[in-house]
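A.B. asks: Please find one structure pasted underneath; my questions will follow.
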Amino acid sequence: AGVDFGLGRSEQARALLQEALELQRQAWGEDDPRLLPVLSLLVSGHMNTVERAEIEVWLRWAERLIVQAGPDADPDSQVRILQGRLIIANRAGDYADATRIARTILESLERRFGPGAPQTAFGLTSLAWALGWQDRFDEAEALLHQTLAAGEARTGDDVGLALDEGEGAVGQPV
């Protein structure tokens, strides 16, 4: 399914994930938290290609499994489910909820990997995105600079240099 997503074949990816989910559901039952990774991939991979009602069914099912699993719930799946809720909140114009969800994503990643870890960049970007939708651009920009700093710390490269100089990645003006 990951290859199909990468090649832009979302319908094939969706079919594979739905087939995997059905096989797992038959083997483990509908209330087994081991279903979370596939459910969360369905949500994260299809936010723009599936009707909202279907996404809501997957989200509610996954959220039920997360509660059931408690602290043993798959952390990557939890983040993908929260990201789905963040997108829905932003699209609905519920920016306060979107910001709350984005902060939850960031806090979860910081607890798991530590503040400043490259893995927290996703949470920083999620929060910046939520703030940007509220026209809070200065706050969003500061978070994006933190994301760049995390990348620089990991690679040792000055990944923000081209942006600071007003140039894009291929030397084009930004």
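A.B. asks: Can you find, within the stretch 8-19, the residue that is surrounded by the fewest Cβ atoms within 10 Å (Cβ to Cβ) among those that are in contact with a Leu (Cβ under 9 Å, 6 or more places away or on another chain) and under 20 Å from residue 65 (Cα atoms)?
C.D. replies: So the residue we want is 18.
A.B. asks: Also: Which condition number in (1) on the phi < 0 side of the Ramachandran plot; (2) modelled with pLDDT under 95 is the one that residue 116 fails?
C.D. replies: Evaluating residue 116 over (1) on the phi < 0 side of the Ramachandran plot; (2) modelled with pLDDT under 95 leaves (1) as the failure.
A.B. asks: Considering every residue within the stretch 27-36, establish whether at least one is open to solvent by less than 70 Å² (accessible area, probe 1.4 Å) and on the phi > 0 side of the Ramachandran plot.
C.D. replies: Yes - at least one qualifying residue is present in the stretch 27-36.
Conditions tested, residue by residue: (1) surrounded by 12 or more Cβ atoms within 10 Å (Cβ to Cβ); (2) modelled with pLDDT of 95 or more; (3) small (Gly, Ala, Ser).
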position	(1), (2), (3)
6	no, no, yes
42	yes, no, no
50	yes, no, no
55	yes, no, no
64	yes, yes, no
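A.B. asks: Using beta carbons and a limit of 7 Å, which pairs, at least six apart or on different chains, have the first residue in the stretch 48-67 and acidic (Asp, Glu) and the second one crowded, with 20+ Cβ neighbours inside 10 Å?
C.D. replies: Partner pairs satisfying both residue conditions: 63/81.
A.B. asks: OK, next. List the number of the failed condition for residue 10; all other conditions in (1) in contact with an Asp or Glu (Cβ under 8 Å, 6 or more places away or on another chain); (2) modelled with pLDDT of 90 or more; (3) of a type outside the set (Phe, Trp, Tyr) hold.
C.D. replies: Unmet condition: (2).
A.B. asks: Spot the failing condition for residue 20; the list is (1) in contact with a helix residue (DSSP H, G or I) (Cβ under 6 Å, 6 or more places away or on another chain); (2) under 30 Å from residue 150 (Cβ atoms), and only one is missed.
C.D. replies: (2)
A.B. asks: Let me ask something else. Please enumerate the residues belonging to the stretch 126-166 that are open to solvent by 60 Å² or more (accessible area, probe 1.4 Å), outside any loop (DSSP other than H, G, I, E, B) and modelled with pLDDT of 90 or more.
C.D. replies: If we filter the stretch 126-166 for residues that are open to solvent by 60 Å² or more (accessible area, probe 1.4 Å), which is where we start, we get 129, 133, 135-139, 141, 144-146, 153-159, 161, 163-165.
Next, only the ones that are outside any loop (DSSP other than H, G, I, E, B) stay: 129, 137-139, 141, 144-146, 153-155, 161, 163-164.
Listed by number, the residues that qualify are 129, 137, 138, 139, 141, 144, 145.
A.B. asks: What pairs come out if I take residues in the stretch 4-28 that are outside any helix (DSSP H, G or I) and pair them with residues that are buried (at least 16 other Cβ atoms within 10 Å of the Cβ) and hydroxyl-bearing (Ser, Thr, Tyr) whose C-beta lies under 9 Å away, six or more apart or interchain?
C.D. replies: none
A.B. asks: Six or more apart or on different chains, Cβ atoms under 6 Å: show the pairs whose first residue is in the stretch 76-96 and on the phi < 0 side of the Ramachandran plot and open to solvent by less than 60 Å² (accessible area, probe 1.4 Å) and whose second is at pLDDT 95 or above and acidic (Asp, Glu).
C.D. replies: 89/97
A.B. asks: Can you find, within the stretch 66-75, the residue that is nearest to residue 119 (Cα to Cα) among those that are of a type outside the set (A, V, I, L, M, F, W, C) and open to solvent by less than 80 Å² (accessible area, probe 1.4 Å)?
C.D. replies: Filtering the stretch 66-75 for residues of a type outside the set (A, V, I, L, M, F, W, C) gives 68, 70-72, 74-75.
Narrowing further to those that are open to solvent by less than 80 Å² (accessible area, probe 1.4 Å): 70, 74-75.
Values: 70: 22, 74: 16, 75: 13 Å.
Here the answer is 75.
A.B. asks: Which count do you get for residues in the stretch 103-133 that are more than 20 Å from residue 151 (Cα to Cα) and among the aliphatic types (A, V, I, L, M)?
C.D. replies: Here the count works out to 2.
The values are calculated or read from the model by the stated rules, or taken from the named source; none is laboratory data. From a predicted model like this one, the values you see are computed outputs, not experimental measurements. Glycine gets a Cβ as well: all are built from the backbone with ideal geometry, and neighbour counts include every protein chain shown. Surface areas here come from the heavy atoms of the whole protein model, side chains and all, with no ligands, DNA or RNA. Shrake-Rupley method; radii C 1.70, N 1.55, O 1.52, S 1.80 Å.
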